[in-house]
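To keep things clear, I will list the structure first and then write my remarks on it.
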Amino acid sequence: MATRVRSFAKINLGLAIGPVRADGYHALATVYQTIALHDFVSVEARQATRTSITVTSNHPRVPTDHTNTAWRMVEAALDRLKQTARVSVHIEKLLPIQGGLGAGSANAVAALLGLERQLDNALPGAERLRLAADVGSDVPLFLIGGTVLGLGRGEQVYPLPDLPTTTCVVATPTVGVSTPQAFRDWDALHTQPPGPAFGLSLVPKGDDAKRETTLTHRGPSATLERLSRAVAGVWSGPYSSGVSDAPTGQLGDLAGNPLLALVRTGIENDFEEVVFPQHSLLGEIKQLLANSVHPDEHALFTSLSGSGASLFGLYSSASAASAAQQRLSQKGVPSHLTETLTRDRYWNTTFAD
């Protein structure tokens, strides 16, 4: 009998893009947050003399060969477990493909969890995280769940105190956004001219061109510092105990809500700077998510998720979220009503069987 696993999505509460590293990846800083929207991944596995893997899906755009992240995860996990098996993975796709919600990465972790249960053999936690990082940059976050700090290229993950359960509307327009192109566009805007290293600038003074060395914050590293300080400031204060598992739309005292404390720091997604000019519809959707004619229905926070094209809004009540969905519907934009998942709820509802 197959093991059926919920493959939850994520959103990004702020995403800062840093400079290109020596390995070609960009340095990133982000706060991941898992949400209740999910695919289903079913896994059947039994020991065999040789390993064979098959992947199927209800969606024609899901790859069914070794390029699929679930396939790669299963293959690598079997190698680390030193087992051979016949494995079948079926992905019931409910989330958009390449929508910035981490669906493919979540599928990989769901496949791993299903495989381990089927074989009654699990990797140690640290080995799981190393394997996940090899498969993809945002795969490891789905081995933690809840509210997660992501650093490095996104694969260095650290659990944060959970934010309160919050009503969420996810807009999923049929717009194609290329993540590699978004990075290239970012680089084109933020390439620094030759000169002093980050943190130093030579400023001309007077007619004699005397130069004085002054401290500055030039370059894309500054955006990493801003987000890092924002996260540290929120979770170093009294808000860290503000988590609540109250039913959606009942956030209690908003003044003590760590989500609002984070929002007040001015967090934003750097990808919006390059994605919105090329896809004006996405900027319009963000405004629809954010604003209502009724002030009590405004979003607490709105943002692009990842590099898009999905966007989300967080709301203080279910009625405010429903109003946002109505605004989107009037513009023909599909959306989903959901909520954020704390770490406990993430793990308590992962297995569907």
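The values are calculated or read from the model by the stated rules, or taken from the named source; none is laboratory data. All values reported here derive from a predicted model rather than from experimental measurement. Neighbour counts run over all protein chains shown; Cβ positions are idealised from the backbone, glycine included.
Details
- Lone unmet requirement of (1) modelled with pLDDT of 85 or more; (2) part of a loop (DSSP other than H, G, I, E, B) for Val263: (2)
- Residue check for Ala321: more than 12 Å from Val170 (Cβ to Cβ) and in contact with a strand residue (DSSP E or B) (Cβ under 7 Å, 6 or more places away or on another chain): no
- Qualifying residue in segment 2-10 (condition: in a loop (DSSP other than H, G, I, E, B) and either within 30 Å of Cys168 (Cα to Cα) or at pLDDT 95 or above (or both)): yes
- Sole exception among (1) surrounded by 14 or more Cβ atoms within 10 Å (Cβ to Cβ); (2) within 23 Å of the chain's Cα centre (by Cα); (3) modelled with pLDDT of 95 or more for Thr67, by number: (1)
- Test: Lys82 is buried (at least 24 other Cβ atoms within 10 Å of the Cβ), basic (Lys, Arg) and either outside the structural domain of Phe142 (by TED's automatic domain parsing) or within 24 Å of Arg117 (Cα to Cα) (or both): no
- Residues considered: Gly14, Gly18, Gly24. Of these, the only one that is outside any loop (DSSP other than H, G, I, E, B), in the same structural domain as Ala103 (by TED's automatic domain parsing), on the phi > 0 side of the Ramachandran plot and not charged (D, E, K, R) is Gly14.
- Number of residues in segment 275-322 that are of a type in the set (A, V, I, L, M, F, W, C) and assigned to a helix (DSSP H, G or I): the value is 11.
Here is a yes/no grid of residues against (1) closer than 30 Å to Arg86 by Cβ; (2) under 15 Å from the mean Cα position of the chain (by Cα); (3) assigned to a loop (DSSP other than H, G, I, E, B):
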| site | (1), (2), (3) |
| --- | --- |
| Ala133 | yes, yes, no |
| Phe142 | yes, yes, no |
| Thr165 | no, no, yes |
| Cys168 | no, yes, no |
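- Put simply, of Arg264, Arg345 the only residue that is among the basic types (Lys, Arg) and without any contact (Cβ under 8 Å) to a residue 12 or more places away in the chain is Arg264.
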